[in-house]
Amino acid sequence: KGIDMLLKTANILKNRGVDFEWKLAGGISETMKNTIEKNEKTTFAENNVQLLGLVSPYKLNKLLLNSTIYVHTSYIENSPNAICEAQYIGIPIVSTNVGGISTLCRNGEEANLVPANDPWQMAFAIMSLSKDEQLMKHYSSNSISVSHKRHKFENIAFQLMSCYNNIISIK
């Protein structure tokens, strides 16, 4: 799901002298981790990536609230909740532009979107955004606005009821 791109990007950032710490919450098997590290001829630990494994919702919330940028490296995706969660609390986003991600956040408005499997563009987008405090504030403000509207109870209820009404009218 893009974990190899994460390692490639982290390696580029490290080799460019970027001071960063990348924390990855979620499960990754030891076999997958070892295979990726063998293929890339480097390790996650050597590239400032901490593999945290599964974490509690409380810890995940704390991690997000203490993050400067949320980075999403997937090759295939629909509408990832992780991006929605980052947006809701206003974390600037750098993500691959795959699946439905561009329907959640617009390039240049709430996020920097880059092509899948392009760690160089991902690294450049991270470096550029991290150096531009005004752009980070812009993304944060826009993300909060967009996501709070998207997740407003009344909007969700209206969309769900419209869906049910369409199903009923088809019969």
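The values are calculated or read from the model by the stated rules, or taken from the named source; none is laboratory data. Predicted model, so just to flag it, every value in this text is computed and none were measured. Here the Cβ positions follow ideal geometry from the backbone for every residue, glycine too, while neighbour counts run over all protein chains shown. Just so you know, the surface numbers come from the protein's heavy atoms only, side chains and all, with ligands and any DNA or RNA stripped out. Shrake-Rupley method; radii C 1.70, N 1.55, O 1.52, S 1.80 Å.
Tabulated results
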item: Simple Cβ-charge dipole of the chain, Lys/Arg +1 and Asp/Glu -1, about Cα centre, in debye nearest 20; result: 260 debye
item: Calculated P(r) tail over 19 Å for the chain, as whole % of Cα pairs; result: 60 percent
item: Carbon plus sulfur fraction of accessible area for the chain, probe 1.4 Å, in percent; result: 54 percent
item: Cα centroid separation - the range 86-105 against the range 1-79, whole Å; result: 17 Å
item: Above-threshold pairs, the threshold being 18 Å between Cα atoms, out of 23/152; 8/33; 23/59; 23/131; result: 23/152; 23/131
item: Mean separation of Cα contacts under 8 Å (6+ apart) over length of the chain, as relative contact order %; result: 21 percent
item: Per residue accessible area of the chain, 1.4 Å probe, in Å²; result: 60 Å²
item: Reachable aspartates and glutamates from residue 38, criterion Cα separation under 15 angstrom, eight or more residues apart if same chain; result: 4, 30, 46
item: Degrees between helix 153-170 axis and first principal axis of the chain (Cα, 0 to 90, nearest 10); result: 60 degrees
item: Acute angle (nearest 10 degrees) that the helix 30-40 long axis makes with the longest principal axis of the chain, alpha-carbon atoms; result: 60 degrees
item: Computed FRET value (nearest 0.05) for residue 155 with residue 85, which takes r as the C-beta separation and R₀ as 22 Å; result: 0.80
item: Estimated FRET transfer efficiency when R0 is 41 angstrom, pair residue 167-residue 46 (beta carbons, to 0.05); result: 0.20
item: Extreme residue, positive dipole direction of the range 28-164, given options 82, 147, 36 (C-beta unit charges); result: 147
